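In what follows, a structure is listed as structure tokens, so that the remarks can point back to it.
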Amino acid sequence: MTNVNRLIVMAGIAGSVCFAAAKAQAQGGPGGGNFGGGNFDPAQMQQQIQQMLMDNYRSQLEVTNDDEWVVIRPRVQKVLDARTDIGIGGSTGLMGMFGGGRRGGGGNAMQGGGQAGGGRRGLGALFGTPGPEEQALQTAIDANASSAALKTALDRFNAARKAKQAKLEAAQAELRQVLSVRQEAIASVSGLL
């Protein structure tokens, strides 16, 4: 899957999340839907999205046997987790759309503004939290740190990103071991491999 296609898929998921959140908010009141009365639960939403993704991957990979899925599913999850750790353009790429990318200032209507200190609220919380290296680099940027301090933070950030990429590649290799050639081809086109 090309980067453009991957971004389109992620934008579709993000749109679905926004729609579901807006619908839950509009239903209001206790018992008014899965999230009732403005008590939006990012963990519950994330769980629902994960289940939809898994169902989608099972269908795409043409897995009809539950025993086969028991072997494949955790490896697919491991790839998705490793990919989430990397993020799109760093872990803030998609979250920037939800006000969870840059710390402080900005924000958007869905989140109600940024949050100092690197926390993520609202829909930004669905996409994980930045690693300590990313937080340190962002802090250095926001503080207009010296070139030496920025270089140190950038080197640590890049080393962490390379380690995350290696983790993703290992997870993908592990998934390949249990897929048929057809499933590997489908997984490659769908962006898993």
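Here, each number is a calculation from the coordinates, and none is a lab measurement. This one's a predicted model, so the numbers in the text were calculated from it and none came from an experiment. Quick reminder, even Gly has a Cβ in these numbers, built from the backbone with ideal geometry, and neighbours come from all protein chains shown.
Structure above, values below:
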read-out	value
Fewest-first ranking of Glu62, Glu68, using other Cβ atoms within 10 Å as the exposure measure	Glu62, Glu68
Sites Asp81 and Leu154, calculated FRET efficiency, Cβ-Cβ separation with R0 22 Å, nearest 0.05	0.30
Within the stretch 43-86, backbone nitrogen closer than 14 Å to the virtual label 7 Å beyond the Cα of Ala185 toward Cβ	61-62
Relative exposure of Glu169, Glu184, judged by other C-beta atoms within 10 Å (fewest first)	Glu169, Glu184
Straight-distance crosslink candidates among aspartates and glutamates, where the alpha carbon sits under 13 Å from Lys167 and sequence neighbours closer than 8 are dropped	Asp81, Asp85
